[in-house]
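Data first, discussion second: the structure below is written as structure tokens.
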Amino acid sequence: MTVAAVTGLQGDGDPGDYLPDEEHVVCEAKHCCAYGAGGRDGQSADISPKTLHDIYLRPWDAFVKAGGRGMMLAHNELNGVQMHANAAIMTQHFRTELGFKGFFASDAGNVGALVGARVAYNQSDAAAMAMEAGMDQTMGGGFSPSITVPAVKSGECYCSREYLFLLVGSALLTLFRDGIDCIMLQGKSTLPG
């Protein structure tokens, strides 16, 4: 089912290529991973490594292998680590082990919620934690230039220049491959309406 959804939305070309035509769109799946495993959406999930890999990561692995281009992370924490600061999932599992070249997106203010979860000291610390874990873009606050630029300049965010390029690049590359560059670079919208 995952492969059919990705292929239907994006076409059956190589995920590193441009979308085949204007009839296809980027496929971004949500909410990775173990969302609802704690009993309710957003609650903490404590899952054994075997169960995590055999059940909860399985559809996400299929999504990556099918060429899905974006993943939105879940609201929950997994085995004591907030998903939006979970380098073991984003960087180690998906990027390193599976070769995921797409982007990771936060959901509705969850990068900033790292402060409320008491794992980040302030918004700048939360942005640095998320970026260092592999987060590419945020929805609803967290990566604004007023937060991220000072964090990088002050050294609070320990990302190397190359790593920052990787983070920004994965989100921008998806946009450029999929025709959004025309809209962004020309300063006008070609979208309907």
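Can you run down the residue pairs with Cβ atoms below 7 Å, 6 or more apart or on separate chains, where the first is in segment 46-58 and in contact (Cβ under 8 Å) with a residue 60 or more places away in the chain and of a type in the set (S, T, N, Q) and the partner is open to solvent by 80 Å² or more (accessible area, probe 1.4 Å) and assigned to a loop (DSSP other than H, G, I, E, B)?
Taking only residues 6 or more apart or on different chains, not a single pair turns up.
Which one of the conditions (1) in contact (Cβ under 8 Å) with a residue 24 or more places away in the chain; (2) part of a helix (DSSP H, G or I) does Met71 fail to meet, given that it meets all the rest?
Here Met71 meets the rest and fails (2).
Scan Ala29, Ala85, Ala66, Ala34 and give me the residue that is open to solvent by less than 50 Å² (accessible area, probe 1.4 Å), more than 24 Å from Leu114 (Cα to Cα) and in contact with a helix residue (DSSP H, G or I) (Cβ under 8 Å, 6 or more places away or on another chain).
Only one candidate qualifies: Ala66.
Restricting to segment 3-31, and then to whatever is assigned to a helix (DSSP H, G or I) and in contact with a Pro (Cβ under 9 Å, 6 or more places away or on another chain), can you tell me which residue is modelled with the highest pLDDT?
Val6
Can you run down the residue pairs with Cβ atoms below 7 Å, 6 or more apart or on separate chains, where the first is in segment 92-109 and touching a residue at least 12 places away in the same chain (Cβ under 8 Å) and outside any helix (DSSP H, G or I) and the partner is crowded, with 17+ Cβ neighbours inside 10 Å and among the polar types (S, T, N, Q)?
Lys101/Ser170; Gly102/Ser170; Gly102/Thr174; Phe103/Gln137; Phe103/Ser170; Phe103/Thr174; Ala105/Gln137; Ser106/Thr138
Please state which one of Ser106, Ser146 is modelled with pLDDT of 70 or more and of a type in the set (Ser, Thr, Tyr).
Result: Ser106 is the single residue among Ser106, Ser146 that is modelled with pLDDT of 70 or more and of a type in the set (Ser, Thr, Tyr).
The values are calculated or read from the model by the stated rules, or taken from the named source; none is laboratory data. As the structure is a prediction and not an experimental result, all values here were calculated from the model. Every residue, glycine among them, receives a Cβ derived from its backbone with ideal geometry; neighbour counts consider all protein chains shown. Areas reflect the complete protein model, heavy atoms only, side chains present, ligands, DNA and RNA absent. Shrake-Rupley method; radii C 1.70, N 1.55, O 1.52, S 1.80 Å.
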